[in-house]
Ligand code: GDP
Ligand code: IMO
Ligand code: MG
């Protein structure tokens, strides 16, 4: 039976414009699935004057009829998920009948947010700059096999006791290690109320997705974060606590690798990063960087923090494509470079007289940091925002795209030239 499973994943440090691209691909899809991360994600879609930022819900939720799945690999925060559902339903988007949440997904509890902040403070100068959403502590409990699964929210006979056990463990840590006051049990009452409201979404998503595949349906797996934030392959320890990459998609959705026919990598036309950690091509001139951030609107969709900005990093992009097995690229924010007279393009790294055109980000943490080597490419100094076909782009913009395809060894199939839904070129 003909069906298509596609994975869409970020190839940089997150915020590549995944939300906009998933939205563009959702029309032909029967289901969109989040497979890792949680409310650390902020995926933006702009339709006319309306901007929607999704944190837990797959972006397909904006398209009626698309089934939306929160997969087993996700960590979810009941309070903020309920707010997100309410926000969408108030704006006329029907969520209830289309949302399915894996019973194996893990639950972020109020104390996980608290622990996230305490862990950061305890790191002193080497803090990560997390989103403070409790992501790391929740995955820690998952891997220590003491976490709470979404399905357990429905087990009313034992839920209170499970929450009390976890809170008691956390309180021992707070009082003995951090030497602060313990958290109060009334937090448990809040979780019990939220559990009641979320219970109807509980689902065996393995069976749902496998039945959909057998019925010839199309499924899009929507990654959060990006390859350079991957817990195994990213700039550890300045990473998130999950695997955003295509391998993680199979694990986090419960689908085998052999069914994935397309891997769509999303790249920004330059690089950005929120939080701490190495960033070899980061703009060094403070005024230039400040101007660029303002003009590009580089503020975090989840925390509102200013994003660090820099030139396109070719060796890391090539690494991310190879790691994901990317079959096609979506390139976003090309319009942000419209005014530049010249563009610096990092085509390799130099380390001890050796040049590398592909470089693993985990190697950036060592003592011998490589130096980016730049090519200067001509800018196009005209607006690309009205272009709807590749041939309408200025020559220099087309050459820039071709250079990215070359270093990524992958064709660019979608090109975004503005935040709006229609500001898109399909090839
Ligand atoms: P995500 O996390 O990968 O979904 O990306 P975010 O939504 O966090 O950040 C991308 C930002 O860029 C959002 O504000 C989008 O509205 C905006 N955006 C997406 N594509 C384009 C584009 O091609 N041009 C411009 N100027 N903005 C874009
Ligand atoms: P989307 O899906 C950009 C970053 C944080 C921090 C590190 C760890 O919108 O692309 P965490 O809270 O996950 O423990 O923080 O990862 N980070 C993101 N940066 N976009 C994201 O998501 C991010 N999610 C986490 O800033 O550096
Ligand atoms: Mg984002």
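Listed from fewest to most Cβ neighbours within 10 Å, the set 59, 384 follows the order 384, 59.
Residues 30, 15, 339 in ascending order of nearby Cβ atoms (within 10 Å, fewest first): 339, 30, 15. For helix 314-324, what angle does its Cα long axis make with the longest principal axis of the chain, in degrees from 0 to 90 and rounded to 10? Compared with the principal axis, the helix lies near 50 degrees.
For the range 267-426, averaging the sequence separation of C-alpha pairs within contact (under 8 Å, six or more residues apart) and dividing by the residue count gives a relative contact order of 25 percent. Each Cα pair under 8 Å and six or more residues apart adds its sequence gap; the mean of these over the residue count of the range 1-158 is a relative contact order of 19 percent. Share of antiparallel DSSP beta bridges in the range 267-426, in percent to the nearest 5? Percentage antiparallel, nearest 5: 75. Each Cα pair under 8 Å and six or more residues apart adds its separation to the average, and for the chain the resulting relative contact order is 20 percent. Among 230, 125, 338, the order by Cβ neighbours within 10 angstrom, fewest to most, reads 125, 338, 230.
Applying 0.36 nm per residue to the separation of residue 193 and residue 127 and subtracting their alpha-carbon distance, the gain on full extension is 20.4 nm.
Please report the antiparallel percentage of DSSP beta bridges with both residues in the chain, rounded to the nearest 5. Taking every DSSP beta bridge with both residues in the chain, the antiparallel ones total about 40 percent. Per residue, the chain reaches -9000 deg cm²/dmol at 222 nm when only DSSP H runs of four or more residues are counted, each adding -39500 (n - 2.57). Label-to-label distance for residue 117 and residue 143 is 2.5 nm, based on points extended 7 Å past Cα in the beta-carbon direction.
Look at the Cα gyration tensor of the range 168-281: its axes a ≥ b ≥ c give a/c of at least 1.5 with a/b at or below b/c, and that counts as oblate.
You can think of it this way: the chain between residue 389 and residue 164 has 75.2 nm of extra reach, that is 0.36 nm per residue less the Cα-Cα gap. Rg and Dmax of the chain, based on Cα coordinates, read 21.6, 67 Å. Treating the angle as unsigned and between 0 and 90°, give the value, to the nearest 10°, between the Cα long axis of helix 78-90 and the longest Cα principal axis of the chain. Computed tilt is about 70 degrees. Against the main long axis of the alpha-carbon atoms of the chain, helix 286-296 sits at an angle near 70°.
Of all DSSP beta bridges in the range 9-118, what percent run antiparallel (nearest 5)? Once the DSSP bridges in the range 9-118 are tallied, antiparallel ones form about 35 percent.
Each value in this text was obtained by applying a stated rule to the coordinates, not by laboratory testing. Every value quoted in this text rests on a predicted model; they were computed, and no experiment measured them. With ideal geometry, Cβ positions are generated from the backbone for all residues, glycine too; neighbour counts draw on all protein chains shown.
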